[in-house]
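The values are calculated or read from the model by the stated rules, or taken from the named source; none is laboratory data. From a predicted model like this one, the values you see are computed outputs, not experimental measurements. FYI the Cβ positions are ideal-geometry reconstructions off the backbone, even for glycines, and counts take in every protein chain you see. SASA here: full protein model, heavy atoms, side chains in, ligands and nucleic acids out. Shrake-Rupley method; radii C 1.70, N 1.55, O 1.52, S 1.80 Å.
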Amino acid sequence: MRQLLFAVCCSLLACAHSRTSSPADGAVTPPGPVVSLTPEEEGVVMRAWEAVEGGESAKALALVTALWDAGHAHPDIAWAAAVSAGLGGDAAASSHWLERAVQHGFKNLYSLRSSRAMEPVRALPGYDALLEGARRNARAAREAAGVGSGLERISPAEAGISEPELAALVKAAEEASSSGLVLLRRGKLVGEWYFGGESERIEAMSATKGVVALAIGLLIDDGKIPSVDTPVSHFFPEWKEGLKAQVTLRHLLSHTSGLAARRTAGEIYEAKDYVRLALDSAVVDEPGRRFFYNNKATNLVAGIAERAAGEKLEAYLRRRLFTPLGIQDIVWSTDPSGNPVGMAGFKVHPLDFAKLGQLLLQRGVWRGERILSEAWIRELGAAPAQSHDTTSGLLWWLVYEEGTRMALDPDLLVRARGNGASEASLGRVQELMGRDFEGRELYERLFTALGAEASFELFDKAAPAGVKRWGVGRVVGFAAMGQGGQQLLVFPEHDIVVARMAITGGEVDEAIEFRTLGQRVLDLVRPAPR
C-alpha cells in the first residue's frame, strides 16, 4: 500500500490510474475493448469479469460458455472461460478452455504466466505446449501487424554503445519487472528485449498524454486548430463566461488551466462522459497562475482533438501518424460515452512506441516525408511550458542532466488546514518547509514523518498545492511517462530513443517504476571515467 500511495503522490512521474481492474485472483487483467469483439460479445465478457471479481466464477463460466456455444468463437471469450473454470477449481476444464483460446489466437503470455487462476493448469502435462502455442500466436500476430517495420538493425559496437553498460541496462530492466525494452540509436534498432514473453500491446498509462500532444500538433499543422493559444471556448462555446473564457489549449497542455480536479482519478472513472465531466467542472484558479498535474484537463484535450479532427481520434491518428510510420497494432480506449481517453488508455507495442520517439528525434520527418512540424516538437520538449515547474513541457517531461530538485509548496499547509487536516500532521510537515530535496527524497521524508496514508491524505486535501519542482543543469532530452514505469525517452544530442514498458497486473510498487532508466541510458554513451 505504501508504494501504491507513493506512486500516486509522485506527480513528477505523470501518474494516472488505468481504468482496467484486476479480477479477484489479483493477477489476471480483463481485456479492454477489443476491435474484433462485437458489442454483444464485449458486454457478456465484461459481465463475466464482474462476476469473477465478485467471486462468482461459476456464473462467469456459464455466461461465457453460453456465448461460445452460440457461435461466438473468440480467444478472449475462451480465456474468460479458462479463468472462470480455474478459479472454480476445475483444472481440467480450465485447460480445455485454454486450449480453445490458443487455437483461436490467444497470445497473452503475461496472463498465462502470472494468473493465479492458471496455477492448477500450469501443473498439468500439456501446459508447456499451450504456452508455446501462445508464444507462436504472439510472434505471428507481430509479424502480421508489421511491428517495427522499416527499422534497420545495428550492432552495439556500430552504434557506439558501451556493451558492458548495455548489459547492465538490460539486467536492470529485467530486475525492474520490465515487459519490453527497445533501444534505437542513429535511427536504427540496437536491440529489443522481452522478458519472459513476446512483444504485445501494452497500456502506456499517462505516457498516452504525449501522444495526445502529437495529435494537437498535427491538427495545428492541418489548419484544423488555429494555434495552441486558441481558447477552449472556440471548440466548446459554453466556456465563454468567467474564468473559463480565459482558458486556452496551451493552459490545458501545460497543466495550468486552473480546472478543479483531484490528485487521483477516481472521480473520472466514476463518470460516464469524461469530456462532459471536465466541461462541467469549475475553473478555480486564474489560468496560468499555478501548475497542477490534471488528468481531467487532459481528457478535455482529447475531446477537443476529436472535435477539431471531425472524426474519431484513433482514426485521425491512424491516418496522419500511425500509418505513415507503419504502426498498425494499436488500441485507444474510450470512456463509456465513446469519447477518447486522454489521460491514459493508449496500447501499443514497445517497438512501435519507440518509432514515435524516433519521429520526434528526426524533427518530424519519416523516410523523407514531413509528418509533424519541427516547430511543434520544439514546443513539446525543448523548454519548460510555464514558469512554475521547469520539468514540464506540453504533456511531455523535460529530462535534465543533473536531475530534479523538489520543495513543498508554501500553500500546502494553508490549503490542508482549510480542508481539515490535523494540526499534528501539519506540525510535522512544517519541519520540511523551506528546504529543497533531490528527487523523491522529499516523499521519503514525508512518509517517515507522517506515514504513507497520512501523506497521501495531506496531498489530496491540499490540492492543487503540493510540491514545487525544477530541473538542474542542461535539458538533455524529453520524455512521455506513465505509472508503472512506462517511458519513452528521446535524447536528441546523443541520437538515442528508448522505450520501456511494463505490464502491471495490480498494485504498482516502487521498483517497477525504474526511475534510473534515463541515467542508465546516458551511461551508454558517456565517456568512461579515467
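Within the range 138-191, the set of residues being free of Cβ contacts under 8 Å to residues at least 12 places away in the same chain and in contact with an Asp or Glu (Cβ under 8 Å, 6 or more places away or on another chain) comprises just one member, Ala157. Filtering the range 324-376 to residues that are part of a loop (DSSP other than H, G, I, E, B), within 13 Å of the chain's Cα centre (by Cα) and more than 29 Å from Leu279 (Cβ to Cβ) leaves only His349.
Elements of the type strands (runs of 3 or more DSSP E) sitting completely within the range 422-530 and holding at least 2 residues that are over 24 Å from Trp193 (Cα atoms): these cover 467-471, 475-482.
Kindly indicate the residue of the range 317-344 that is aliphatic (A, V, I, L, M) and touching a helix residue (DSSP H, G or I) at 6+ places or on another chain (Cβ under 7 Å) and also surrounded by the fewest Cβ atoms within 10 Å (Cβ to Cβ) among those meeting that condition.
First, the residues of the range 317-344 that are aliphatic (A, V, I, L, M): 317, 321, 325, 327, 330-331, 341, 343-344.
Subset that is touching a helix residue (DSSP H, G or I) at 6+ places or on another chain (Cβ under 7 Å): 317, 321, 325, 327, 330, 341, 343-344.
Values: Leu317: 24, Leu321: 22, Leu325: 18, Ile327: 24, Ile330: 20, Val341: 26, Met343: 29, Ala344: 29.
Among those that are aliphatic (A, V, I, L, M) and touching a helix residue (DSSP H, G or I) at 6+ places or on another chain (Cβ under 7 Å), it is Leu325.
For the range 377-421, taking the residues that are in a helix (DSSP H, G or I) and out of contact with any helix residue (DSSP H, G or I) (no Cβ under 7 Å at 6 or more places or on another chain), the one that is surrounded by the most Cβ atoms within 10 Å (Cβ to Cβ) is identified as Gly381. Of the candidates Ser84, Ser111, Ser95, the single residue that is under 25 Å from Asp329 (Cβ atoms), in a helix (DSSP H, G or I) and out of contact with any Pro (no Cβ under 8 Å at 6 or more places or on another chain) is Ser111. Taking every residue in the range 507-530 that is of a type in the set (A, V, I, L, M, F, W, C) and crowded, with 17+ Cβ neighbours inside 10 Å and pairing it with any residue that is in a helix (DSSP H, G or I) and at pLDDT below 90, at least 6 positions away or on another chain, the pairs with Cβ-Cβ distances below 8 Å are Val508/Gln3; Val508/Leu4; Val508/Ala7. Summed over the range 301-336, the residues that are over 19 Å from Leu37 (Cα atoms) and not β-branched (Val, Ile, Thr) give a count of 20. Residues in the range 262-283 that are among the small types (Gly, Ala, Ser) and out of contact with any Asp or Glu (no Cβ under 8 Å at 6 or more places or on another chain): Ala265, Gly266, Ala278, Ser281, Ala282.
Considering only residues of the range 262-294 that are among the polar types (S, T, N, Q) and open to solvent by 10 Å² or more (accessible area, probe 1.4 Å), which is farthest from Ala462 (Cα to Cα)?
Here is the first cut: in the range 262-294, the residues among the polar types (S, T, N, Q) are 264, 281, 294.
Narrowing the set further to residues that are open to solvent by 10 Å² or more (accessible area, probe 1.4 Å) leaves 264, 281.
Working: Thr264: 13, Ser281: 18 Å.
That would be Ser281.
The residue that is farthest from Val182 (Cα to Cα), among those in the range 126-170 that are basic (Lys, Arg) and open to solvent by 60 Å² or more (accessible area, probe 1.4 Å), is Arg136. Scanning the range 173-192 for residues being open to solvent by less than 30 Å² (accessible area, probe 1.4 Å) and polar (S, T, N, Q) gives a total of 2. Within the range 344-355, the presence of a residue that is out of contact with any Pro (no Cβ under 6 Å at 6 or more places or on another chain) and without any contact (Cβ under 8 Å) to a residue 12 or more places away in the chain is excluded.
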